[in-house]
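The values are calculated or read from the model by the stated rules, or taken from the named source; none is laboratory data. What you see is a predicted model; the values in this text were computed from it and never measured. So basically every Cβ, Gly included, is an ideal-geometry build from the backbone, and we count neighbours across all protein chains shown.
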Amino acid sequence: MSEQATFKDAVVIERIFEASVELVWQMWADPNHFKHWYGPHGFTVPVANMDVQVGGQRLICMEMQTPNGSQKMWTVGEFVEIVPNVRLVYTESISDENGNVLSPTAQGMPEGTPATTRVTVVLEDLDGRTKMTMTHAGVPADSGGAGGWRQAFEKLAVYLESNLG
């Protein structure tokens with residue numbers, strides 16, 4: 001079954017990073033690196049629990065300071081495919097801090113928003129640089145999620161530069 005047959009919409013972003021495939025892989029697979037770049041501008045990641053193995057769980061918290069205080073957004077998922085330095089696939093669902101999946105509509109998402117989405121990251125070596133293609137199936141290409149991913153990858157590019165030395 002293809003992702004297109006499974007999900008109505010998808011965000012697909014292709015980006016080339018001035019870093020090795022191995023380093024870009026670590027940005028996705030190592031929670032200490034992941035915390036530094038994940039999420040849109042203005043968000044931090046205080047929690048990134050990631051058991052990076054097939055069937056392993058992930059629990060992520062993005063946090064933003066607002067005039068009304070801290071706003072936290074939790075997601076939970078499972079790693080479904082791992083080919084080190086080549087391909088990473090995981091599911092993602094809105095959750096509470098304990099990893100209990102929450103209804104997207106109850107969280108203010110539009111009717112028909114899937115409870116579980118799928119993120120696929122494919123890395124390709126370009127003579128020391130890395131071509132990354134990220135597909136987030138289940139998130140409309142014209143949604144705020146697409147903008148959030150683009151901002152996260154801007155943060156990733158800056159973070160990679162700081163880790164090349």
Query raised in the report: Could you list, in sequence order, the residues of the range 110-137 that are under 15 Å from Val11 (Cβ atoms) and touching a helix residue (DSSP H, G or I) at 6+ places or on another chain (Cβ under 8 Å)?
Result: Thr113, Arg118, Thr120, Val121, Met132, Met134, Thr135, His136, Ala137
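Which one is surrounded by the most Cβ atoms within 10 Å (Cβ to Cβ) among residues in the range 49-69 that are at pLDDT 95 or above and polar (S, T, N, Q)?
Taking the range 49-69 as the starting set, the residues that turn out to be at pLDDT 95 or above are 49-64.
Checking the rest, the ones that are also polar (S, T, N, Q) come to 49, 53, 57.
Working: Asn49: 13, Gln53: 9, Gln57: 15.
It comes out as Gln57.
Of the residues that sit in the range 81-111 and are among the polar types (S, T, N, Q) and within 16 Å of Ala48 (Cα to Cα), which one is nearest to the chain's Cα centre (by Cα)?
Initial filter on the range 81-111 (among the polar types (S, T, N, Q)): 85, 91, 93, 95, 98, 100, 103, 105, 107.
Right, trim to within 16 Å of Ala48 (Cα to Cα) and you get 91, 93, 95, 98, 100.
Details: Thr91: 10, Ser93: 11, Ser95: 15, Asn98: 19, Asn100: 18 Å.
The residue in question is Thr91.
Being loosely packed, with under 15 Cβ neighbours inside 10 Å and part of a strand (DSSP E or B): is that true of Pro46 here?
Working: loosely packed, with under 15 Cβ neighbours inside 10 Å: yes; part of a strand (DSSP E or B): yes.
Taking the combined requirement at face value, the residue satisfies it.
Scan the range 98-105 and give yes if some residue there is surrounded by 13 or more Cβ atoms within 10 Å (Cβ to Cβ), touching a strand residue (DSSP E or B) at 6+ places or on another chain (Cβ under 9 Å) and in contact (Cβ under 8 Å) with a residue 24 or more places away in the chain, otherwise no.
Filtering the range 98-105 down to residues surrounded by 13 or more Cβ atoms within 10 Å (Cβ to Cβ) leaves 99, 101-102, 104.
Imposing the further condition that a residue be touching a strand residue (DSSP E or B) at 6+ places or on another chain (Cβ under 9 Å) reduces the set to 99, 101-102, 104.
Imposing the further condition that a residue be in contact (Cβ under 8 Å) with a residue 24 or more places away in the chain reduces the set to 99, 101.
Within the range 98-105, one or more residues are surrounded by 13 or more Cβ atoms within 10 Å (Cβ to Cβ), touching a strand residue (DSSP E or B) at 6+ places or on another chain (Cβ under 9 Å) and in contact (Cβ under 8 Å) with a residue 24 or more places away in the chain.
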Report task. Could you list all residues from the range 72-97 that are of a type in the set (Asp, Glu), loosely packed, with under 15 Cβ neighbours inside 10 Å and in a strand (DSSP E or B)? Result -> Glu81
Query raised in the report: Inside the range 106-128, can you point out the residues that are free of Cβ contacts under 8 Å to residues at least 60 places away in the same chain, under 14 Å from Phe17 (Cα atoms) and assigned to a strand (DSSP E or B)?
Result: Val122
Query raised in the report: Does Gly39 qualify as being part of a loop (DSSP other than H, G, I, E, B) and surrounded by fewer than 19 Cβ atoms within 10 Å (Cβ to Cβ)?
Result: no
